[in-house]
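Structure first, then comments.
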Amino acid sequence: MADNFAKPFLTAEWRYLVMLNYEIEPAILLPLTPKGTELDTWNGKTFVSMVGFHFRNTRVMGWGIPFHQDFEEINLRFYVRHKAEDGWRRGVVFVKEIVPRAAIALAARWLYNENYVALPTGHVICQSKDAAKKVDSVKYYWTFDNRVHFIELVTRGGPSRFVEGSEEEFIAQHFWGYSSQKDGGTVEYRVEHPPWRVWQAQRCRLDCDVDNFYGKQFASALNTQPSSAFLAEGSEITVYKGRNIT
C-alpha cells in the first residue's frame, strides 16, 4: 500500500449517521463519476444516499482546531469502485457536502476538490431517559435560500449488525473516497472504521428543495420514498491522505 495511505490526515468520531437511500438512473451519475472508477451497484441497482451525521473530537494532523471539532455534515453521495493492484476498492463520491463553517469547506475543497459548502446547520438527537439511552429519532437540518431543509429518521427496535449481502451493508461498507480534480485526474483516499450496528427506520423524511439545491436531475429520485433507510451508530474513524490515481 502506498506510503501516503499510512499517514492519517484526520481523526474523529462519526456518530448517529442517518442514511436515506434512493435508487437512481445510472445515466444521471455517469457525468459525475471520477476517471478511473465505475459505478458500483447492488443487485443491479444504482443508488444515491442522503447522509447526515455528527462529527465529534475532530483532529487534523493530530491537532484539534478550536471551534472546529464538533459539527454536523449532511451530504449527497453515490457509490463507485476502482480496480487497484490489490483488487476492487469500493468507494463513495460526493455530489455536495454541507458543513457549518467556511474554514472546513475551504480546506476540503483545497485538499480534495470536493464540493463542500458552508451553511447554517443543526441537529436534534432524541434518546430515552432510561439507562439504555435508546436512540428514538435523529434529525439533521440546514438553511438555504431562507428555508430550513432537513433529513430525519425515527428508529424501530434496537441496533443490530448488518446482514451480510444486504442493501444496508452495501451502503455503509465503502471504505474509499474518490474525487475528480480540476486537471481531469482523480484523487483516492482511504477511510477506516469498524463495522457499525444499525437501527431500522420506523419512518423517515427528506424535506428539501431538490431542484434548486442539488439540481433537477436528482428530483425524480430524491422526491420519492427511499429504497431503504437506517441509522448507523458510528464510531471513531480515520481518514488517510490521498493520492492521484489517474
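The table below gives the values:
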| item | result |
| --- | --- |
| Residue in the range 123-143 that is touching a strand residue (DSSP E or B) at 6+ places or on another chain (Cβ under 7 Å), of a type outside the set (A, V, I, L, M, F, W, C) and assigned to a helix (DSSP H, G or I) present | no |
| Selected residue [open to solvent by 30 Å² or more (accessible area, probe 1.4 Å), in a helix (DSSP H, G or I) and acidic (Asp, Glu)] from Glu152, Glu169, Glu164 | Glu169 |
| Test set (1) more than 22 Å from Gly184 (Cα to Cα); (2) in contact with a Gly (Cβ under 9 Å, 6 or more places away or on another chain); (3) modelled with pLDDT under 95 - Met19 fails condition number | (3) |
| Scan of the range 172-225 for residues that are under 15 Å from Tyr22 (Cβ atoms), part of a strand (DSSP E or B) and open to solvent by 40 Å² or more (accessible area, probe 1.4 Å), ordered by number | Arg205 |
| Residue selected from the range 17-31 under the condition open to solvent by less than 10 Å² (accessible area, probe 1.4 Å) and in contact with a Leu (Cβ under 8 Å, 6 or more places away or on another chain), by the criterion farthest from Leu206 (Cα to Cα) | Leu29 |
| Residue in the range 119-148 that is farthest from the chain's Cα centre (by Cα), counting only those that are of a type in the set (Gly, Ala, Ser) and at pLDDT 95 or above | Ser137 |
| Unmet criterion (only one of (1) in contact with a Ser or Thr (Cβ under 7 Å, 6 or more places away or on another chain); (2) open to solvent by 20 Å² or more (accessible area, probe 1.4 Å); (3) closer than 26 Å to Gly44 by Cβ) for Lys134 | (3) |
| Strands (runs of 3 or more DSSP E) contained in the range 67-118 and holding at least 3 residues in contact (Cβ under 8 Å) with a residue 24 or more places away in the chain | 71-84, 87-99 |
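The values are calculated or read from the model by the stated rules, or taken from the named source; none is laboratory data. It should be emphasised that the depicted structure is a prediction, and the values quoted were computed from it without experimental measurement. Reconstructed Cβ throughout: ideal geometry from the backbone, glycine too, with neighbour counts over all protein chains shown. Accessible surface areas use protein heavy atoms only, side chains included; no ligands, DNA or RNA. Shrake-Rupley method; radii C 1.70, N 1.55, O 1.52, S 1.80 Å.
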